Amino acid sequence: MKYICKIDGKQKIDVRNFNFYYGNKIALKDLNFCVKENTILALIGPSGSGKTTLARCFNRMHDLYANNRYEGEIFIDDTNILDPKIDLIELRDRVGMVFQKPTAFPMSIFENIAFGLKLKGIKNKTELKDRVEKALKDAALWDEVKDRLDKLATNLSGGQQQRLCIARAIAVDPEVLVFDESTASLDPISTSKIEDLMVELSKKLTIIAVTHNLQQAARVSEYTLFLMDGEVIEYDKTNIMFTNPKDKKTQDYIMGRFG
Amino acid sequence: MRKRKIKNYIGLSISTISAFIGLFFLFWIIVSLIEKGFHYINWSVFTQNAVSPGDEGGGLKFAIFGQLEVVGLASLLGIPTGILGGIYLSEYGKDSFLSNIIRNVSDAMTSIPSIIIGIFVYALVVVPMGGFSVIAGSIALALLMIPIVISSIDNILKLVPNELREAAYALGAPKYIVIFKVVAKEAIVGIVSVILLAISRILGETAPLLFTSFNSNFESYKLNKPIATLTVTMYDYAMGPYDSWHHLAWAAAIILTFSVLLFNIASRLFSYWRFSR
Amino acid sequence: MKKKFIIIDFFLKHISMFFAYFTLLVIAGLFLVLYINSKDAISHFGFFSFITSNVWSPAFDKFGGLIALVGTFLTTVISAIIAIPIALGIAIFLVEICPNFLKTPIGIAIELLAAIPSVIYGFWGLFYLGPLIEKYVQPLFNSTLAKLPVIGQYFYGYSSSVSLFTASVVLAIMIIPFTAALARDALKITPDLLKESAYALGATKWETISKVMFRYSKSAIIGAVLISLGRAIGETMAVTFVIGNQDSLPTSLMSATTTVTATIANEFTEASSHLYLSSMYLLALILFLLSFLLIIGSKMFFLRKTGN
């Protein structure tokens, strides 16, 4: 597969000759593309196409399980994050993740946001307080929870919990934020709040958003990458891909012929 | 058709009747225990020690506190050990071949005759130490506890959704923080219920104490000396010839039954709370 | 900072690993300790002569395990004959017959009864059930079953408040709640859909229970029964109070005799000679192997699918 990099702007992530294996089974084949800084890239494709697998490579989530194997290189700025010597804890400071289901920890709202900050070694109470407040404001959750920061986070609604997870992820100032179908379990109103939030956040950080909701990809993303069976079928500006897809498969998928 | 209906009727009746026979026996035990033993419970049972054989009165103070000491020490040894072992199976070993062997073995260990554990500790602790002791009794009970705790903690931690672990890792948390701050916190109610259940299981154990903490007439709570426990005292008194001993044994039976039930019910309330939250 | 993470992670992993492997160590240690200590008895009497000899004589320093093994075998089998049908009855009742609002309270009551320590069952047998058996059951047996030709002698007895029979009944009462709870969980795994299809075909309730549910959960029920047998074999306190502790083979249901666990419980701390003690270690080794094989066997062959 040839290298695709037709972005107009500064490049943040560079994926080169990348393969991924679950045991002996190859899941991602020969990926070559780059990602523009401070924008939203949507990963789309039918289920089983490997879009979630790819998203989980950027913070090396696959390392949690035995027998997973990477081949090739993924650069974030100038660091090859697949380098075995890389410190995963540092990498995950740089690359945050928001999951499909809300994953509020069984602690207070404040402690949830402070979780990552404390790991970074921030102990100063006022600093913690300021950064928690800032993260909650950036995640558009502050007004809803400011009076009950010490209450259990698991009592919040699903949409609020998901925004809490976003706040928790941005509290540590990541450069890249990965959304793994993060609105799939939410109602339309919560979904649209989170979409607005993604657009707002993309002014300051690079977002990679896995979604099976094509309208969502069209609404929020600047670029779209279409994956099928672990291969990149098409990669282009979203408005171009959705109006004028070059590949027959992309056309079929966008027209809803398989899903 | 009629034959089938009759068969149905007979089968269901036999099941119901046997169920009621079983239930009857079981409630009979509780009722007769309370009926025959309750009036031997009085304040002096808790505040006095045995008087000379054959005299009325006296109490079980030493045995009660001895029991508390042995069970308490056993819990201190067994619970952290079992929790860590369970953490290993659920968080590190997962589905590896050896972990599954450990799972099966520790599961099987919960059904090993407890008297065998007593003999094992006798050979490994009592003989080298040169005598029966509190510590030997506690080790025996701890060995009974560990497999129970390991299996239950393993099962309880497995119920914690994996997304929660991943979310913590994604924030750059090291494994021990993920385990203690997130996984254990999510499972805390279940963990408490396991602890209570494990204590209720060893609280009534007698056989493993016969050759380890043994029994004693001299009130001493030293770790390297034999000690009286409620269960062994109850056994000795019941098998003894004096009515006054039998009365104390009834009192011991009541105290024991109700404290075991108390821990068991508390454990259930905790796990009920876990599921209804 | 990062170094601290690495160090704590390393220690947590290895300490918890040690405690997990510790269980394997204990099992291996158990076997070794029992084997080493029983070696003298094995070499002195020979394993097969030991298990077939009915001499248990501290005075002459001669020991054979037959009486205790027979006692253990008989109490286990008789208690199983009494307990298993009743326990299955309770399980069927709880799963299929009992009205819904009673299921939880009766289920919890059964589980609480399974939690009562065995020493309580033994104690109750000695002071409550034993005297009742002597007063009512034994005269009944003497005037009915004992009059039968040939097998009659096995029911005859006098002044037997503690006996093989009492011990088996106490043991049975003790394992009923335990077995019932296991069997109930085994029956519950039958999918509702399967039950509904049976009813839809016009099966009666009993036919659904006996032909569909029992067949579906057959292996789990056999596993539950084997685990209960393992419980009964190794039970000490429920038996020791009421078996009579007499070193002779039982001649009838109403005779006092002994079991492996009762012999060990009563004589272990009083063993006056090395060979005496070693013989008891050998009894313990046999008991350990029997119960361990029973449990592992039931887990491997019958309980695998249900994940218990």
Spans of helices (runs of 4 or more DSSP H) in region C:1-104 with at least 3 residues among the β-branched types (Val, Ile, Thr) and without any contact (Cβ under 8 Å) to a residue 24 or more places away in the chain: C:2-45
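This table checks each residue for (1) modelled with pLDDT of 95 or more; (2) within 20 Å of C:Ile264 (Cβ to Cβ); (3) within 13 Å of chain B (Cβ to nearest Cβ); (4) in contact with a helix residue (DSSP H, G or I) (Cβ under 7 Å, 6 or more places away or on another chain).
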position	(1), (2), (3), (4)
C:Phe18	yes, no, yes, no
C:Ile36	yes, yes, yes, no
C:Asn54	no, yes, no, yes
C:Ala59	no, yes, no, no
C:Val70	yes, yes, no, no
C:Thr76	yes, yes, yes, yes
C:Gly89	no, no, yes, yes
C:Lys103	no, no, yes, yes
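Within region B:27-116, which helices (runs of 4 or more DSSP H) (wholly inside it) include 3 or more residues that are at the interface with chain C (Cβ under 8 Å from one of its Cβ atoms)?
Once the helices (runs of 4 or more DSSP H) in region B:27-116 are filtered for at least 3 residues that are at the interface with chain C (Cβ under 8 Å from one of its Cβ atoms), what remains is B:61-87, B:97-109.
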Total residues in region A:48-74, condition more than 13 Å from chain B (Cβ to nearest Cβ), charged (D, E, K, R) and surrounded by fewer than 20 Cβ atoms within 10 Å (Cβ to Cβ): 3
Some residue of region B:221-235 being outside any helix (DSSP H, G or I) and within 9 Å of another protein chain (Cβ to nearest Cβ): no
Criterion: among the aliphatic types (A, V, I, L, M) and without any contact (Cβ under 8 Å) to a residue 40 or more places away in the chain - qualifying residue of C:Met254, C:Met300: C:Met300
Lone unmet requirement of (1) under 12 Å from B:Leu141 (Cα atoms); (2) more than 10 Å from chain C (Cβ to nearest Cβ); (3) small (Gly, Ala, Ser) for B:Ser216: (1)
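Restricting attention to region A:192-212, which residues are of a type in the set (Ser, Thr, Tyr) and crowded, with 18+ Cβ neighbours inside 10 Å?
Hits for region A:192-212 are A:Ser202, A:Thr206, A:Thr211.
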Cβ-Cβ under 8 Å pairs, at least 6 apart or on other chains, region B:240-261 side within 11 Å of B:Leu230 (Cβ to Cβ) and within 11 Å of chain C (Cβ to nearest Cβ), far side assigned to a helix (DSSP H, G or I) and among the polar types (S, T, N, Q): B:Ala249/B:Thr233; B:Ala252/B:Thr231; B:Ala252/B:Thr233; B:Leu256/B:Thr231; B:Val260/B:Ser200
Elements of type helices (runs of 4 or more DSSP H) contained in region C:123-223, each with 3 or more residues being buried (at least 18 other Cβ atoms within 10 Å of the Cβ): C:164-188
Selection from region B:129-177 of residues that are crowded, with 22+ Cβ neighbours inside 10 Å and charged (D, E, K, R): B:Asp154
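Results for (1) among the polar types (S, T, N, Q); (2) loosely packed, with under 13 Cβ neighbours inside 10 Å, shown as yes or no for each residue.
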residue: B:Lys3; (1), (2): no, yes
residue: B:Tyr9; (1), (2): no, no
residue: B:Leu12; (1), (2): no, no
residue: B:Thr16; (1), (2): yes, no
residue: B:Ala19; (1), (2): no, no
residue: B:Leu23; (1), (2): no, no
residue: B:Ser32; (1), (2): yes, no
residue: B:Ile41; (1), (2): no, no
residue: B:Pro53; (1), (2): no, yes
Test: residue in region B:207-217 that is in the same structural domain as B:Ser151 (by TED's automatic domain parsing), closer than 19 Å to B:Thr47 by Cβ and touching a residue at least 24 places away in the same chain (Cβ under 8 Å): yes
Any pair with Cβ under 9 angstrom, 6 or more apart, that starts in region A:204-217 at a residue that is in contact (Cβ under 8 Å) with a residue 24 or more places away in the chain and more than 19 Å from A:Gly230 (Cα to Cα) and ends at one that is acidic (Asp, Glu) and in a loop (DSSP other than H, G, I, E, B): A:Leu205/A:Glu37; A:Leu205/A:Asp173; A:Leu205/A:Glu175; A:Thr206/A:Glu37; A:Thr206/A:Glu175
Scope region B:190-208; condition within 10 Å of another protein chain (Cβ to nearest Cβ) and assigned to a helix (DSSP H, G or I); matching residues: B:Leu197, B:Ser200, B:Arg201, B:Ile202, B:Leu203, B:Ala207, B:Pro208
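Look at C:Leu249 and say whether it is within 16 Å of C:Thr76 (Cα to Cα), surrounded by fewer than 20 Cβ atoms within 10 Å (Cβ to Cβ), of a type in the set (A, V, I, L, M, F, W, C) and over 16 Å from the mean Cα position of the chain (by Cα).
In short, yes.
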Within region A:99-130, tally of residues that are among the charged types (D, E, K, R) and within 14 Å of chain B (Cβ to nearest Cβ): 4
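The values are calculated or read from the model by the stated rules, or taken from the named source; none is laboratory data. Keep in mind it's a predicted model, so treat the numbers as computed, not measured. Methodologically, a virtual Cβ is constructed for each residue, glycine included, from the backbone with ideal geometry; neighbour enumeration extends over all protein chains shown.
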